[in-house]
Amino acid sequence: MPLPKALTTVTPLSKSVALFLFIALPISAFLFGMKYQLLLEESNTPIPFFPPAKACTLEAKLCADGSSVGRVGPNCEFAPCPTPSSLKPVQFCGGIAGKVCPGGFTCKYDGTYPDAGGICITGEMKPLYVCPTTGWVNCMPILTEEAKKGCSKEAVEWYKVNCPNFKGTAY
């Protein structure tokens, strides 16, 4: 489809603008370059030299927790393996993506819904509660403080999330 004549006609104004740009842009770039060169010479700041980067081989080292590390640094040595103490204290786990905690950590979920997320906590921590062997928690009659904690709303929620054979509580 041919363009309308009004869009393809070269007017005296368009010729003047083009002539100005073809002359002004190269001259201004040249002047700017000269000014920049003078500033560099006056400041006596050496232009930084970056030595060529050394490329490391693409090898991986398997760590005890199942993760892997590559070669880093100027000597291309293997990076240290992560330890439970070197990992971030708050690391997301669970969620719709099902992120798994690294070795030595367990996921503490924020809720009981299927795609609940949480944070990774060290496996060295003692669990808050113990799953009932029969699937039922006996909350009648409550005599000790330990038994009261095991029958709290928080404990029941924990059982629902962490105990696959949990059936309920008896009051």
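Read-outs throughout are calculated quantities, based only on the coordinates presented, and are distinct from any laboratory measurement. Remember, it's a predicted structure, so these values are computed and weren't measured experimentally. FYI the Cβ positions are ideal-geometry reconstructions off the backbone, even for glycines, and counts take in every protein chain you see.
Below, the figures for the structure above:
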read-out: Residue 145-residue 113 FRET efficiency (beta carbon distance; Förster radius 30 Å; 0.05 resolution); value: 0.50
read-out: Sites residue 13 and residue 40 - FRET efficiency at Förster radius 41 Å, r taken between beta-carbons, to 0.05; value: 0.55
read-out: Packing rank of 130-141, 20-31, 149-160, where each peptide gets the mean count of other beta carbons within 10 Å, highest leading; value: 149-160, 130-141, 20-31
read-out: Distance (nanometres) between label positions extended 7 Å along Cα→Cβ at residue 72 and residue 138; value: 5.4 nm
